Amino acid sequence: MITNSTEMLQAARAGHYAVPAFNVNNLEWAKAILQAGEKAQSPLILQVTSGAAKYMGSFRLAYDLIVDMHDALHITVPISIHLDHGTYFDSLKTLGISYTSIMFDGSSLPLDENLAKTATLRDLTKDQDVSLETEVGTIGGEEDGVIADGEIAPVDSAVAMAKAGVDMLAVGIGNIHGQYPKDWKGLNFAHLQKIDDAIYDALGKRIPLVLHGGSGIPDDQVRKAIQLGIAKVNVNTEGQLAFHQGLRDYILSDEDLKGKNYDPRILLTAGTDQLVEMCLDRIRVFGSGNKA
Ligand code: 13P
């Protein structure tokens with residue numbers, strides 16, 4: 001079933017697990033993510049950045065690819081099709097082509113402008129039953145050309161954004177997009193708790209929080225973050241590394257030189273298989289298996 005992200009994230013928050021949000025980079029990614037989710041019976045968020053949409057052709061092509069793959073594989077678990085780190089323009093565009101969930105990333109804008117644009121998108125998404133994620137502060141590292149070096153979300157901005165009525169909120173708590181440096185200090189759990197409590201004090205309820213840069217964080221830290229309110233974990237780099245390693249091993253073993261193994265439908269399977277394994281492993285750590 002193709003649905004929005006709201007219900008699955010609320011269930012995750014209440015059930016102390018997190019829904020994996022895997023970035024889709026191409027056809028193999030869409031296939032691997034869906035196969036893993038179905039196998040583990042996990043709800044899924046398949047998310048697309050503007051960089052990935054450009055690579056594949058367009059946001060519409062990425063949307064159609066995911067929908068058609070979902071249908072072709074007879075997927076039964078709930079999935080949402082999500083815009084990852086969208087500009088205001090990307091947000092409007094993907095709303096126009098039926099994405100069921102969007103992230104408007106106004107984190108580089110002044111807070112007032114971020115909130116104003118969020119309010120407009122809140123109205124539009126509500127009308128269309130689409131989920132809305134936003135971000136305050138910044139998340140370190142680089143994501144498909146979106147560069148940010150701040151790491152800790154200001155608590156008052158997080159509360160203001162929660163009051164604006166978003167369905168889920170990305171919070172910088174020391175997390176970084178891409179690979180973590182050796183001297184990384186780890187997630188700031190005290191800050192996560194502070195944000196979650198401040199939102200509860202202001203709203204009288206807790207909302208699903210989102211952890212970006214989910215690749216390469218030690219499992220025990222991911223699990224602890226989930227216990228403290230993270231209900232969506234974004235993973236991209238880990239999939240790229242898994243795919244690369246699978247393909248590299250295959251080629252270095254000279255398997256690609258045998259028979260017709262140069263055929264991309266055979267060659268790329270070595271990477272895709274590792275991608276499926278990576279997704280299954282994250283689902284295990286996030287606790288979302290059998291929650292479909
Ligand atoms: P990683 O590439 O570090 O896993 O981050 C993914 C992400 O946060 C997408 O928004």
Regarding segment 233-255, can at least one residue be identified that is closer than 25 Å to residue 160 by Cα, touching a residue at least 60 places away in the same chain (Cβ under 8 Å) and within 14 Å of the chain's Cα centre (by Cα)? yes
I'd like to know if segment 67-84 contains one or more residues that are touching a residue at least 60 places away in the same chain (Cβ under 8 Å), closer than 18 Å to residue 162 by Cα and either of a type outside the set (A, V, I, L, M, F, W, C) or crowded, with 24+ Cβ neighbours inside 10 Å (or both). no
Determine if segment 25-41 includes at least one residue that is among the aliphatic types (A, V, I, L, M) and not in a helix (DSSP H, G or I). no
Residues that are in contact (Cβ under 8 Å) with a residue 40 or more places away in the chain and open to solvent by 60 Å² or more (accessible area, probe 1.4 Å): does segment 260-267 have at least one? no
Quick check on residue 134: is it in a loop (DSSP other than H, G, I, E, B) and either at pLDDT 95 or above or of a type outside the set (A, V, I, L, M) (or both)? no
Matching residues, segment 163-184, being more than 19 Å from the chain's Cα centre (by Cα) and among the hydrophobic types (A, V, I, L, M, F, W, C): 164, 184
Scan (1) within 19 Å of residue 9 (Cα to Cα); (2) out of contact with any Phe, Trp or Tyr (no Cβ under 6 Å at 6 or more places or on another chain); (3) not in a helix (DSSP H, G or I) for the single condition residue 81 breaks and write down its number. (2)
Top-ranked residue in segment 218-237 [being of a type in the set (Val, Ile, Thr) and within 11 Å of the ligand (Cβ to nearest atom); ranked as surrounded by the most Cβ atoms within 10 Å (Cβ to Cβ)]: 233
Residue count, segment 43-61, condition under 18 Å from residue 2 (Cβ atoms) and in contact (Cβ under 8 Å) with a residue 60 or more places away in the chain, comes to 3
Would you be able to tell me the number of residues in segment 167-217 that are exposed (fewer than 15 other Cβ atoms within 10 Å of the Cβ), away from the ligand (no atom under 14 Å from the Cβ) and in a loop (DSSP other than H, G, I, E, B)? 6
From the list 112, 64, which one is surrounded by fewer than 23 Cβ atoms within 10 Å (Cβ to Cβ), over 22 Å from residue 29 (Cα atoms) and without any contact (Cβ under 8 Å) to a residue 24 or more places away in the chain? 112
Show the residue pairs meeting these rules: Cβ distance below 8 Å; 6+ apart or different chains; first residue within segment 14-42 and within 25 Å of residue 221 (Cβ to Cβ) and free of Cβ contacts under 8 Å to residues at least 24 places away in the same chain; second residue among the basic types (Lys, Arg) and surrounded by fewer than 24 Cβ atoms within 10 Å (Cβ to Cβ). none
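The values are calculated or read from the model by the stated rules, or taken from the named source; none is laboratory data. Source: prediction; values computed, not measured. Using ideal geometry, Cβ is built from the backbone for each residue, glycine included, and neighbour counts are taken over all protein chains shown. Ligands, DNA and RNA are stripped out before the accessible areas are found, and what is left, the full protein with its side chains, is counted by its heavy atoms. Shrake-Rupley method; radii C 1.70, N 1.55, O 1.52, S 1.80 Å.
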